[in-house]
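Below is one structure, written out as structure tokens, with a few remarks after it.
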Amino acid sequence: EQEEFSRTHFSTILRCLVGKLSPDWLDLLPDGQLEELWASFFLEGPADQAFLVLMESIEGAASPSFRLMKMARLLARFLSAGRMAAVMEGQCGQQAGPASRLLQETLLTRVVGLPDHLGNRLQRETLAAFFPQNYFPLLGEEVLRVLQAVVDSLRGEGPSSDSLPSPAVPRLGLEILGVLVPRLTVLTQGNCLWQRVCWRLVECVPDRAMEAVLKGLVEAAPGPEVLSRLLGNLVTKSKKAQFVMTQKLLFLQYSCSMPMLQSLLGYLAMDSQRRPLLVQALKELLETWGSSSAIRHTPLEQQRYVSKALLICLTHLGEAELQASRDELLASLMEGVKSRLDSSLPPVRRLGMIVAEVASARLHPEGPPLKFQTEAEMQAGAERAPPVAPVSGESPDQETVDSGGPQAGWEGSDSELDSDDELVPYDMSGDGEQRGSKTPAYVRDCLEALTASEDWERWEAALRALEGLVLKSPAATREVSLELAKVLLHLEEKTAVAGFERLRQRALVAVTVTDPARVAEYLAVQFYALNYSLRQRMDILDVLALAAQELSRPGRLGRAAQRGSPGPGSQPSGAAVPAWKAVVEERVRCKTRRFCKGSTGRAAAAGPNEFNAVAGYFFFPLLQRFDRPVVTFDLLGDDQLVLGRLAHTLGALMYLAVNTAVAVPMGKALLEFVWALRFHGDAYVRRGLLSAVSSVLLSVPAEWLLADLLDELLEARSWLADVAEQDADEDCRLLAVKALLLLEKLRDRLLPLSSP
């Protein structure tokens with residue numbers, strides 16, 4: 001009955017007591033008797049219910065008010081009376097169930113966020129007990145009291161309990177590890193029960209909180225022995241813990257200090273079950289250290305961090321473990337040394353020399369020591385070298401030898417003959433900076449510079465020259481088109497290049513236009529691939545649309561031919577028309593009399609639509625997987641911005657394929673895409689869908705619409721009518737009206753359509 005009362009009715013009584021709180025009501029009994037009786041319900045009843053009602057009433061009270069300050073002071077008494085330990089003890093041994101998990105989550109949120117909640121409500125009136133620097137140490141002491149009670153129960157000295165603390169307790173400790181770890185360091189020394197309790201605590205930590213807990217413990221633990229007592233063999237039991245300790249803290253982050261690295265790797269080395277993880281970590285560290293890609297793309301500070309971890313691993317491994325993997329480790333070391341010595345950065349080369357010397361001595365102690373001569377040592381040796389003897393046939397001045405010193409020169413020989421006071425300085429104001437590296441002359445040179453060059457000037461020059469070289473050499477471009485597309489798609493700005501994004505996009509468009517079938521299909525497939533950012537996926541859509549627009553432009557073949565093969569008498573690219581020629585042409589134009597002045601504009605060049613033959617490579621791969629989410633990309637979920645861009649791009653591709661043979665299947669597929677997403681909640685997506693319908697109506701001839709797309713258009717017409725009348729977005733309504741007008745123009749040629 002008491003449990004039922006506490007669980008069902010006690011919180012209702014507490015809320016009633018809070019509602020009665022007022023100055024007049026408290027004065028009904030003298031000497032504050034009623035207030036003490038009122039407070040006793042919160043301080044002596046079930047702690048979890050009392051704490052939740054206290055937090056609820058503080059958040060719901062008007063600010064500032066008598067009730068708010070009374071409840072805040074009562075909460076301060078609640079904390080000072082040690083009732084937080086009772087809150088946590090009440091959660092130990094709870095039966096697992098949805099209600100229990102919900103209560104734990106609610107309590108956890110309130111307990112961890114108490115300083116923030118109280119600070120927001122009380123503002124300048126916040127009590128000292130709620131300051132973080134006071135609250136979290138107190139919370140740490142309460143956690144230790146709970147753990148002490150658990151240890152006593154395991155010893156049989158306290159109330160019987162056969163369960164360890166629930167997952168709430170370690171999660172409460174995320175903010176207070178600095179308080180808990182020093183005390184646990186002492187308590188776990190030589191005490192198996194305390195060690196078991198700590199192991200159980202970390203094993204109960206949820207995966208989403210595991211990284212924060214482990215990083216805090218590694219940082220707070222004074223050494224690997226303490227870390228081993230606190231964690232036990234957690235890395236062999238939890239995949240998440242193993243990933244954090246052997247991957248995240250070693251490779252993906254480089255913020256750990258040297259003591260943290262020593263504690264982490266020493267912890268892996270202290271137990272036979274954990275040592276295989278240390279050997280595996282050494283192999284992966286050595287592989288990363290020697291990777292040419294990692295050397296080029298990771299900061300120097302991270303490379304130093306990996307080098308430190310590598311050398312610490314070597315000190316912990318025994319001779320038998322090194323002997324078992326010696327050949328593999330030496331091969332990785334030599335390959336890494338070669339990659340580092342090939343670097344143009346002196347710090348990278350020095351780091352390779354130092355690590356190679358130390359690691360080779362550890363891996364192969366019986367062999368000859370590996371010794372490098374650094375740049376500083378070579379310079380010092382050059383300075384200590386004796387002066388070079390004079391060349392045979394040359395001798396010092398005879399007069400100098402005879403007199404024991406140099407003779408005085410002719411009077412005025414240095415002061416007058418070498419004087420440059422009367423020389424006029426040369427005007428260098430118009431000179432430009434001369435770049436140290438030449439602009440690449442071939443497409444393959446650009447590809448090499450963008451992928452492997454450490455010369456940033458050459459890298460920038462290659463990026464600026466690539467578009468022109470691609471258009472000038474289409475045959476050479478087709479040989480490496482996919483490699484170029486891949487490099488440009490993943491290219492990152494290494495230096496502050498003005499207009500970098502524009503240069504990259506134009507180069508990628510030029511490659512796509514030069515080899516449209518293969519590159520367009522590759523880009524469309526990569527749009528749904530893993531490990532791409534949303535920015536890269538939208539870049540793919542932009543490039544496909546711009547390339548399709550260029551391919552469909554009339555007269556493009558003639559212009560491309562002129563760019564690709566200039567005549568023998570033509571001027572170099574970018575050369576300006578001489579001034580005298582412009583003057584002559586202007587005089588001729590002014591002196592010429594014309595009796596009939598026709599059109600001055602040049603007639604538009606005619607030619608086939610190049611996009612006709614390759615439109616399917618641009619269009620259909622983009623439609624194949626829009627409804628299949630991947631790990632990092634979900635068009636039908638959170639990535640609705642990209643879905644809207646996809647709809648607009650498909651509509652643009654449809655419009656550019658006007659009057660082509662593939663327009664009918666494209667239109668049919670696009671209308672099915674629109675029909676599947678017609679009720680999408682995002683206005684930007686709906687605008688793209690409506691634009692796509694208009695593109696179909698403008699691109700497919702009326703006869704083909706009647707023969708192949710009649711059913712789809714009838715369905716689309718009813719949807720367009722609803723959108724035009726009821727859609728909340730004004731732009732959507734306007735686009736729907738435009739599409740309906742296009743349908744009305746086709747009424748006579750399609751069939752009599754009933755009014756909406």
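Odds and ends about this structure:
- Two-site FRET efficiency, Leu370 against Asn233, from Cβ-Cβ distance with R₀ of 51 Å, rounded to 0.05: 0.85
- Between Leu252 and Thr106, the simple label model (points 7 Å from Cα in the Cβ direction) yields a spacing of 3.4 nm.
- Sites Glu3 and Leu530, calculated FRET efficiency, Cβ-Cβ separation with R0 45 Å, nearest 0.05: 0.30
- Computed lengthening from His117 to Arg155, 0.36 nm per intervening residue step minus Cα-Cα distance: 9.8 nm
- Rounded if a/c under 1.5, otherwise prolate or oblate - the stretch 240-349, Cα gyration tensor axes: oblate
- Panel note: the C-alpha atoms of the stretch 248-298, placed on their principal axes, show extents of 36, 22, 14 Å (largest first).
- Global size of the stretch 178-329: 15.7, 50 Å for Rg and Dmax (C-alpha atoms, Rg to one decimal, Dmax whole).
- For the stretch 638-752, a/c is not less than 1.5, where a ≥ b ≥ c are the root eigenvalues of the C-alpha gyration tensor, and a/b does not top b/c. That puts it in the oblate class.
- Using all pairs of distinct alpha-carbon atoms, the Kirkwood hydrodynamic radius of the stretch 40-119 works out to 13.2 angstrom.
- For the stretch 184-199, the Karplus equation 6.51 cos²θ - 1.76 cosθ + 1.60, evaluated at θ = phi - 60°, returns couplings of 5, 4, 6, 5, 7, 5, x, 10, 5, 5, 5, 5, 4, 5, 5, 4 Hz by residue, with Gly and Pro reported as x.
- Per residue Cα convex hull volume in Å³ - calculated over the stretch 1-73: 90 Å³
- Close amide H pairs (under 5 Å, H built 1.01 Å from N) link Ala529 with no residue at least 5 positions away or on another chain.
- Calculated from backbone phi, Karplus (6.51, -1.76, 1.60) coupling profile of the stretch 33-39 in Hz, x at Gly/Pro: 5, 5, 5, 5, 5, 4, 5
- Euclidean distance between Cα centres, the stretch 642-669 to the stretch 1-73, Å: 66 Å
- Phi angles of the stretch 214-221 translate, via the Karplus equation with coefficients 6.51, -1.76, 1.60 and θ = phi - 60°, into HN-Hα couplings of 5, 5, x, 5, 4, 6, 8, 5 Hz per residue; Gly and Pro are given as x.
- Computed label-point distance, nm, for sites Ala683 and Ala441 using a 7 Å Cα→Cβ extension: 5.8 nm
- Positive minus negative residues near Glu287 (Lys, Arg vs Asp, Glu; Cβ under 15 Å): -1
- Volume per residue that the Cα convex hull of the stretch 604-697 spans, once the total is divided by residue count, Å³: 108 Å³
- Modelled this way, with points 7 Å down the Cα-to-C-beta line, the labels at Arg200 and Ala476 are 7.3 nm from one another.
Every read-out reported here was derived from the displayed coordinates using simple, explicitly stated rules and does not represent laboratory data. If you're wondering where the values come from, they're calculated on a predicted model, not measured in any experiment. Ideal geometry is used to build each Cβ from the backbone, glycine not excepted, and the neighbour counts take in all protein chains shown.
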